Amino acid sequence: GQDVFPRLEKTREIGAEFRRLFGGRATVVEGADAGEARVAGLPFQDYRYVVFGTHGILDGDIPYVREPALVLSQVGVTAGLDGFLTMSEVLGLKVPAEVVALTACRTGVGRKLSGEGVLGMGRAFQHAGAANVLMSMWSVEEAATVALTNSFFGHLESGQTARSALRSARADLRRKGYEHPFFWSAFVLVSR
């Protein structure tokens, strides 16, 4: 597990920013605590914003995972709890959040399903009830992703719409020296 999915140390800053922005209203699950049983049992119906700051995999990246998935804690995995939140599992959740952010690489792409077009993790969260999904279309750089995510949620909390918040976050990132589109253009917002 840990050689395949290196720790995303800077990503912890997203949890810290959520605690700063939302205080006691924030639920932050990280590290070894972010296992499949814990994550699947979260009261998603109570959350306005949901962020998954983790690795994403595509169908075939891992031989025994045959669909797009988010990588959860690999500590204590069993046959029934494999440490991945798969697209099928997301489709079975109720996540009526205003925004779900998937700050992993390639969370917006997925396998082609006959008659369905491309269905990725972002679409799965929309099906689960999310009004807006922020997701990446290709591999992203961790520090820039953390800065963009934190800025995005700061703008949302100040009253901006999701589209406006993303526009503002991209501008903030460019002002911080991440001017090249590589750092901010991978993220798109898909809305219902």
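The values are calculated or read from the model by the stated rules, or taken from the named source; none is laboratory data. Keep in mind that this is a model prediction, so the values were computed, not measured. Note that we place each Cβ from the backbone using ideal geometry, even for glycine, and neighbour counts take in every protein chain shown. Accessible surface areas use protein heavy atoms only, side chains included; no ligands, DNA or RNA. Shrake-Rupley method; radii C 1.70, N 1.55, O 1.52, S 1.80 Å.
List of remarks:
- Restricting attention to the stretch 68-97, the residues being within 20 Å of A131 (Cβ to Cβ), open to solvent by less than 60 Å² (accessible area, probe 1.4 Å) and either part of a loop (DSSP other than H, G, I, E, B) or at pLDDT below 85 (or both) number 3.
- Scanning the stretch 68-79 for residues that are under 13 Å from the mean Cα position of the chain (by Cα) and without any contact (Cβ under 8 Å) to a residue 40 or more places away in the chain turns up just one, L72.
- Number of the condition not met by V100 [criteria: (1) outside any strand (DSSP E or B); (2) open to solvent by less than 30 Å² (accessible area, probe 1.4 Å); (3) at pLDDT 95 or above]: (1)
- Just so you know, in the stretch 117-168 the residues that are among the charged types (D, E, K, R) and in contact (Cβ under 8 Å) with a residue 12 or more places away in the chain include one that is farthest from L102 (Cα to Cα), and it is E157.
- Failed criterion for V188 (all others in (1) in contact with a Phe, Trp or Tyr (Cβ under 9 Å, 6 or more places away or on another chain); (2) of a type outside the set (G, A, S); (3) part of a strand (DSSP E or B) hold): (1)
- In this structure, A34 does satisfy being crowded, with 16+ Cβ neighbours inside 10 Å and over 22 Å from G159 (Cα atoms).
- Exactly one residue among A171, A143, A131, A124 is at pLDDT 85 or above, surrounded by 20 or more Cβ atoms within 10 Å (Cβ to Cβ) and either out of contact with any helix residue (DSSP H, G or I) (no Cβ under 9 Å at 6 or more places or on another chain) or among the small types (G, A, S) (or both), and that residue is A124.
- Boolean, A162 is out of contact with any Ser or Thr (no Cβ under 9 Å at 6 or more places or on another chain) and either open to solvent by less than 10 Å² (accessible area, probe 1.4 Å) or within 19 Å of E17 (Cα to Cα) (or both): no
- Residue count for the stretch 13-67 under the criterion of being in a loop (DSSP other than H, G, I, E, B), in contact (Cβ under 8 Å) with a residue 12 or more places away in the chain and of a type outside the set (V, I, T): the result is 12.
- Answer residue from the stretch 13-31, given it is closer than 15 Å to A101 by Cβ and out of contact with any helix residue (DSSP H, G or I) (no Cβ under 8 Å at 6 or more places or on another chain) and is least open to solvent (accessible area, probe 1.4 Å) among those: G15
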